[in-house]
Amino acid sequence: MERSLAMIALFAALIAVLGLIPKITLAFGVPITAQSLGVMLCGTVLGARRGGLAVLLFVGLVALGLPLLAGGRGGLGVFASPTVGFVVGFPIAAFVTGLIVENWRSGPLTLVAGIAAIIGGIGVLYAFGIAGMAIMLDKTPMQAAALTTAFIPGDVLKAGIAAMITAALARARPKSVLSRA
């Protein structure tokens, strides 16, 4: 129990720390941040329940006003911004990512974690993000989806990084990858 709580808190802190990494702005002006990598890692390393709780803790701290999102954003105003869908989708994305890694045991962990991060950390997250953008920006879902396409290459790269980190952690300290425990 204590180990689970410590890991949940540690990974919530990891997401916050990843928000401190300066954003990378693509040539056409789209910023890429590292926080979704933390969401993916919560699922691939901690599993569905613990990963979802770690991200839910992070979102709760943001809601309380801590400036933990990339760019120093926090507070209830975040939930009235165009990125609300992504923030709300973070815990669900981690949960789905972890659920896939927990239940798909037949493949190599790098492949499983990579596919899980793409399905949960990109697919599920984008579904929530697009819905939030469509509502907050008064756009159609297709228009909102078009606005997010520039983020896909960076997110696919983050899914690959999450898969490699998870596999390396499993080789170095197998018991620390709770999604496979």
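The values are calculated or read from the model by the stated rules, or taken from the named source; none is laboratory data. Keep in mind it's a predicted model, so treat the numbers as computed, not measured. Glycine gets a Cβ as well: all are built from the backbone with ideal geometry, and neighbour counts include every protein chain shown. Surface accessibility is based on the protein's heavy atoms, side chains included, excluding ligands, DNA and RNA. Shrake-Rupley method; radii C 1.70, N 1.55, O 1.52, S 1.80 Å.
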Which ones in the range 135-148 are surrounded by 16 or more Cβ atoms within 10 Å (Cβ to Cβ) and touching a residue at least 12 places away in the same chain (Cβ under 8 Å)? Met136, Ala144, Ala145, Leu147, Thr148
Quick one: would you say Ile92 is modelled with pLDDT of 95 or more, open to solvent by 40 Å² or more (accessible area, probe 1.4 Å) and either among the aliphatic types (A, V, I, L, M) or touching a strand residue (DSSP E or B) at 6+ places or on another chain (Cβ under 9 Å) (or both)? yes
Looking only at the range 97-113, count every residue that is of a type outside the set (D, E, K, R), surrounded by fewer than 23 Cβ atoms within 10 Å (Cβ to Cβ) and within 19 Å of Phe11 (Cα to Cα) and tell me the total. 2
Within the range 134-181, residues part of a helix (DSSP H, G or I), more than 28 Å from Ser81 (Cβ to Cβ) and among the charged types (D, E, K, R) come out as Arg171, Lys175, Arg180
Here are the criteria: (1) surrounded by 16 or more Cβ atoms within 10 Å (Cβ to Cβ); (2) at negative phi. Tell me which single one Gly47 does not satisfy. (2)
For the range 149-168 the number of residues that are in contact (Cβ under 8 Å) with a residue 60 or more places away in the chain and either crowded, with 17+ Cβ neighbours inside 10 Å or touching a His at 6+ places or on another chain (Cβ under 9 Å) (or both) is 9
When you check Leu14 against the structure, is it open to solvent by 50 Å² or more (accessible area, probe 1.4 Å), more than 18 Å from Ala127 (Cα to Cα) and in a helix (DSSP H, G or I), yes or no? yes
I'd like to verify a number: residues in the range 96-133 that are in a helix (DSSP H, G or I) and either free of Cβ contacts under 8 Å to residues at least 12 places away in the same chain or not β-branched (Val, Ile, Thr) (or both), how many? 21
Residues that are more than 15 Å from the chain's Cα centre (by Cα), of a type outside the set (Phe, Trp, Tyr), closer than 25 Å to Leu147 by Cβ and part of a helix (DSSP H, G or I), drawn from the range 38-87: Ala63, Leu76, Gly77, Val78, Ala80
